[in-house]
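Notes for the one structure printed next.
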Amino acid sequence: MKTVLVPVEQHAVMRSVLDVALLVARQLGSHIEGLALGPDIPDVVAFDIPADWTVRSEKEQQDIVEQSRQLFESFMLSCAVAKHSEASDGVSYSWAGSQLFGDSYIGSFGRVFDLIVLGRPGQRDEPPRVITVEEALFESGRPVLLVPPSSPGSIGETVVIAWNGSTETARTVALGLPILSKAKRVFILTVEGWGVDGPTGEEFATRLQRNDIAAELVVRRMHGKTAGEAILEHATQLHADLLVKGAYTQSRLRQMIFGGATSRILSLSKLPVLMAH
C-alpha cells in the first residue's frame with residue numbers, strides 16, 4: 001500500500017481522516033495524495049431542485065479547492081511530512097489538481113491507488129456522505145478505510161477480521177495483507193448464525209497462517225444483537241484498532257430495507273474499518 005488517496009472536504013471527521021491516513025503511511029512507507037471533494041453536479045438540472053442543493057459559481061468552487069488544499073498541506077507540514085518532490089523515499093504527500101472533484105470521480109480515480117481513506121458517513125446527506133463511500137467501494141475496485149470521528153492512537157496493531165465466508169471478505173483480506181502482515185495480533189472473528197456458504201473460520205485461519213500471519217480464531221454469539229452490533233462489540237472486547245470486513249454481502253437494496261451488518265457498522269463503528277466489495 002504505497003499510494004494512499006485522501007479526498008479532502010470540510011467536515012468534522014476530516015482531521016481524523018488525515019490522522020489515520022498518516023498512521024498508515026508511516027507504517028507502510030506510503031505516499032499520500034489529496035484532492036478537493038464535493039457533491040456531484042448533475043449535467044441537467046431538473047425543475048424540482050432539492051431545497052438544500054445549491055449551484056456554486058466557479059469562484060466559489062475555487063475557494064473550496066483552496067481551503068481544502070490549505071487544510072491538507074497545513075496538516076502535512078505540521079506533521080513534518082515531506083512533499084513528494086522533496087522526498088526520494090518514505091512517507092510523502094502531494095496535491096492532485098486544481099478543481100473540485102465530485103463523488104463519482106473518486107470511484108474512477110481511486111482505481112490507481114492502493115488505498116482510499118474516507119470518513120465514516122453520517123446519518124444525513126451532510127459530509128462525509130454515504131454516496132462517497134459507495135462510489136469508492138463499488139467503482140474503484142480498491143480497499144476503502146473508513147475512519148470514525150475520533151482519531152485512534154494506533155491502527156493495525158490488533159486487527160479483527162469479521163469472517164463470514166464471503167467473496168467480499170476474502171477480497172478485503174487479500175487487499176489488506178500489507179497491513180495484516182505488520183499486525184501484532186490478528187483475530188478471525190466468526191459470529192454464530194451470521195455468514196454465507198463458504199470456508200469456515202478454521203479453514204481460513206490455516207491458510208492465513210501460511211502467509212506468516214499468526215491468526216487466532218474466535219467464535220462468538222450474537223446474544224440478541226444484530227450481526228453488525230455483535231461484530232463491533234466483540235471487536236471492542238478484543239481491543240482491536242482495526243476491523244476488516246467485506247462490504248455488502250447482501251444487496252444494498254436489501255440492506256436498506258431490512259438492515260445488514262455493513263449498514264450497521266457504517267453508522268456505528270468507533271474504530272477504523274477496512275472494507276472492499
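Working carefully through the options 88, 94, find the one that is modelled with pLDDT of 95 or more, in the same structural domain as residue 34 (by TED's automatic domain parsing) and out of contact with any Leu (no Cβ under 9 Å at 6 or more places or on another chain).
Sole residue among the options that is modelled with pLDDT of 95 or more, in the same structural domain as residue 34 (by TED's automatic domain parsing) and out of contact with any Leu (no Cβ under 9 Å at 6 or more places or on another chain): 94.
Looking at region 1-25 only, could you name the residues that are outside any helix (DSSP H, G or I), at pLDDT 95 or above and closer than 13 Å to residue 69 by Cα?
6, 7, 8, 9 - these are the residues of region 1-25 that are outside any helix (DSSP H, G or I), at pLDDT 95 or above and closer than 13 Å to residue 69 by Cα.
Scan region 118-141 and tell me whether some residue there is at pLDDT 95 or above, within 27 Å of residue 190 (Cα to Cα), of a type in the set (Val, Ile, Thr) and crowded, with 19+ Cβ neighbours inside 10 Å.
Looking for residues that are at pLDDT 95 or above, within 27 Å of residue 190 (Cα to Cα), of a type in the set (Val, Ile, Thr) and crowded, with 19+ Cβ neighbours inside 10 Å, one finds none in region 118-141, hence no.
Which condition breaks for residue 117 when tested against (1) outside the structural domain of residue 264 (by TED's automatic domain parsing); (2) touching a Phe, Trp or Tyr at 6+ places or on another chain (Cβ under 8 Å)?
Condition not satisfied by residue 117: (2).
Considering only region 93-115, state which residues are out of contact with any Lys or Arg (no Cβ under 6 Å at 6 or more places or on another chain) and part of a strand (DSSP E or B).
93, 94, 101, 115
The values are calculated or read from the model by the stated rules, or taken from the named source; none is laboratory data. All figures in this text were calculated on a predicted structure; none of them were measured in a lab. All Cβ positions, glycine included, derive from the backbone under ideal geometry; neighbour counts span all protein chains shown.
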